[in-house]
Amino acid sequence: MQINNLAAKLAVHQAQIAAAIDRVIASGWLVLGPEVKRFEALFAAYLGVNHCLTVANGTEAIELALKAMSVGQGDRVATVANAGMYTTTAILAIGAEPFFLDVDFETRCVTLAEVARAIEAGVQAVVVTHLYGLAIPEISQITRYCAQKGVPLLEDCAQAHGAQIDGKYVGTFGDAGSFSFYPTKNLGALGDGGAVVTNNSAIAEKLTRLRQYGWSAKYRVEVAGARNSRLDEMQAAILVEFLPHLDKANARRREIAACYTAQIRRPDLFLPEEGGAEYVAHLYVVRSSRRDALREHLRTMDIAYEVHYPIPDYRQPLFGKRFASLTLENTERLVGEILTLPCYPEMTHAEVNEVIAAVNGWRI
């Protein structure tokens, strides 16, 4: 069994995909055309924000959003270290310095206390990650604190499309929100794609220029640090077709996660709590001090698994000994215990039951 069967998704939506592709080919417009504008308007309306600017991928969405918030060379930017290095990569790309935050051991998300620690240390911006499909429980408090301190806040929503707290979507709390449309995301295209959403007109205007060479008009470059970072018409057209199915797909993800949580019975395995609107079950991540033994058992049962993510950002080889003195207790314990089980909308009931039976059949 695969960790995520994209072929099953494509089969379900084959007619819509074909219609989207035919529409783009018939238009003859392949970059920054009507499909991009249409998706941007639809996604902004879905989230309830004023602006949505699409870009080439989720990592560049973070990078360009930070630039649009005037973060630059030498600035320190706070980020968690348990989210796969993506935000850290974007921070490094603009010549900024990462300031690493620990996470809550149960939610695996950042806390207000850690954000406050970073701001007191003098960071110029904060990026928070809604990890594994869970909206950060303290996002409202974090937003208010950052606003009070005058520190811009970017929400990384790459794993949390459609998650809500108190009826408000992730990506709409801070100064801006970034999204990835990588194919395995809750709202995924057929290739790379990303977006930045915001209610701040100045951020939106600057990002419009940053994603296309820094142009203020065609071939007139005014903004430094720009990129060629554009969502193509084909991917936008696919996303237009997939967006209306997002909430239903998220509901199915929650249903699968709830089945796991209710039916996996292992006292030595810690499972995610059942969630409501705040949880869109992008990944179903369990925790065990015997993780590696469970991983070997699943391998023999032909059940796919993954570790999201095995190395804290500050322990990545590229940094050498730069962060040798840094220890984030919860982050470091989690990387040795977490394991992701298959959880995607196209899973059949039989496949869900197969995973449950395999885990319950684990013997040490």
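The values are calculated or read from the model by the stated rules, or taken from the named source; none is laboratory data. As the structure is a computational prediction, the values presented were derived from the model and not from experiment. For neighbour counting, all protein chains shown are included, and Cβ atoms are generated from backbone atoms with ideal geometry for every residue, glycine included.
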Would you point out the residue of the stretch 30-79, among those that are part of a strand (DSSP E or B) and in contact with a Pro (Cβ under 9 Å, 6 or more places away or on another chain), that is surrounded by the most Cβ atoms within 10 Å (Cβ to Cβ)? THR79
How many residues are surrounded by 24 or more Cβ atoms within 10 Å (Cβ to Cβ) and free of Cβ contacts under 8 Å to residues at least 60 places away in the same chain when one looks only at the stretch 154-172? 3
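Of the residues that make up the stretch 161-176, is at least one part of a loop (DSSP other than H, G, I, E, B), among the acidic types (Asp, Glu) and at pLDDT 95 or above?
So the first thing to find is which residues in the stretch 161-176 are part of a loop (DSSP other than H, G, I, E, B), and the list is 161-163, 166-167, 170-175.
Imposing the further condition that a residue be among the acidic types (Asp, Glu) reduces the set to 166, 175.
From what's left, at pLDDT 95 or above: 175.
There is at least one residue in the stretch 161-176 that is part of a loop (DSSP other than H, G, I, E, B), among the acidic types (Asp, Glu) and at pLDDT 95 or above.
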Within the stretch 274-308, of all residues that are out of contact with any strand residue (DSSP E or B) (no Cβ under 6 Å at 6 or more places or on another chain) and among the hydroxyl-bearing types (Ser, Thr, Tyr), the one nearest to ASP247 (Cα to Cα) is SER288
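Can you tell me how many residues within the stretch 297-336 are assigned to a helix (DSSP H, G or I) and of a type in the set (A, V, I, L, M)?
Restricting attention to the stretch 297-336, the residues satisfying the condition of being assigned to a helix (DSSP H, G or I) are 297-300, 313-315, 317-319, 329-335.
Next, only the ones that are of a type in the set (A, V, I, L, M) stay: 298, 318, 334-335.
Qualifying residue count, the stretch 297-336: 4.
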Is one or more of the residues making up the stretch 107-126 closer than 21 Å to VAL197 by Cβ, of a type in the set (A, V, I, L, M, F, W, C), modelled with pLDDT of 95 or more and surrounded by fewer than 19 Cβ atoms within 10 Å (Cβ to Cβ)? no
Looking at the stretch 337-351, can you tell me whether even one residue there is surrounded by fewer than 16 Cβ atoms within 10 Å (Cβ to Cβ) and under 23 Å from the mean Cα position of the chain (by Cα)? no
For the stretch 192-288, give me every one of the helices (runs of 4 or more DSSP H) that falls completely inside it and has 2 or more residues that are among the aliphatic types (A, V, I, L, M) and not assigned by TED's automatic domain parsing to the domain that holds ILE25. 246-263
Residue identified as under 16 Å from the mean Cα position of the chain (by Cα) and in the same structural domain as GLY167 (by TED's automatic domain parsing) among ILE62, ILE21, ILE25, ILE17: ILE62
Examine the stretch 237-255 for a residue that is polar (S, T, N, Q) and touching a residue at least 60 places away in the same chain (Cβ under 8 Å), and state whether such a residue exists. yes
Anything in the stretch 1-10 that is under 29 Å from THR300 (Cβ atoms) and either of a type in the set (A, V, I, L, M, F, W, C) or outside any helix (DSSP H, G or I) (or both)? List them, or say none. MET1, GLN2, ILE3, ASN4, ASN5, LEU6, ALA7, ALA8
